[in-house]
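The values are calculated or read from the model by the stated rules, or taken from the named source; none is laboratory data. All values reported here derive from a predicted model rather than from experimental measurement. Counting neighbours? That spans all protein chains shown, and the Cβs are built from the backbone with ideal geometry, glycine included.
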Amino acid sequence: MSHHGGAPAHYGSVMEIFGLPAHSALAISVAVLGPVGCLVALWYSFRPDHRSFWRWPMLITAVLATASIFGAYFSGEQLLADHPELADDPMVVDHQQYAVRLVLPTVGFFVMASLSALINPRTGALRVAMPILLAGFSLVVLVLVVLAGDADTRSLWETIRDSFDFLN
């Protein structure tokens, strides 16, 4: 029941930020922090002379990117659970499939960024192997973030396109 004695109140489980689905804000944070984290990690990987300086910014951006990716993933799952009709949209399905594919590479990216920053190897095989693995995970995460974002944007455009008929 509502607090005012009327119809039952709707206490949905959609996570919200300022009245909007949290997934929207988190998806935007992924679109910004994902590429920034990956590009900083790539810079760290390919510029050994700058690694000591860039290791902490790389770790910070990797943590932020990882948190936003997982936040968007879980809020998207919740959004789909609360609105199952969204699963009928092929673009949403594409977006969800890219998000699922993004989970494991993101874990690898986070692990390699963390280990690289904390160990910061200056000699030996780890000096070569860790940046190569970090670069590989960074590239995979970067591509999947772009593909997931593209599918999301196309789905949104299909939804609101008719509102912009005055442009034609």
Check on V92, touching a residue at least 12 places away in the same chain (Cβ under 8 Å) and more than 15 Å from G76 (Cα to Cα): no
Here are V128, V146, V141: which of them is of a type in the set (V, I, T), part of a helix (DSSP H, G or I), touching a residue at least 60 places away in the same chain (Cβ under 8 Å) and more than 18 Å from S24 (Cα to Cα)? V141
Among the residues in region 146-159, are any within 26 Å of E16 (Cβ to Cβ), in contact with a Gly (Cβ under 7 Å, 6 or more places away or on another chain) and surrounded by fewer than 16 Cβ atoms within 10 Å (Cβ to Cβ)? no
From the residues in region 80-114 that are touching a Leu at 6+ places or on another chain (Cβ under 8 Å) and among the small types (G, A, S), which one is surrounded by the fewest Cβ atoms within 10 Å (Cβ to Cβ)? A87
Considering region 103-129 alone, what residues qualify as being of a type outside the set (F, W, Y) and within 11 Å of A41 (Cα to Cα)? M112, A113, S114, S116, A117
Criterion (part of a helix (DSSP H, G or I), at pLDDT 90 or above and in contact with a Phe, Trp or Tyr (Cβ under 6 Å, 6 or more places away or on another chain)) met by exactly one of A81, A99: A99
Among the residues of region 21-44, write down those that are within 13 Å of V141 (Cβ to Cβ) and crowded, with 19+ Cβ neighbours inside 10 Å. V30, L33, G34, G37, C38, V40, A41
When you go through (1) within 24 Å of A25 (Cβ to Cβ); (2) modelled with pLDDT under 90 one by one for N120, which number turns out not to apply? (1)
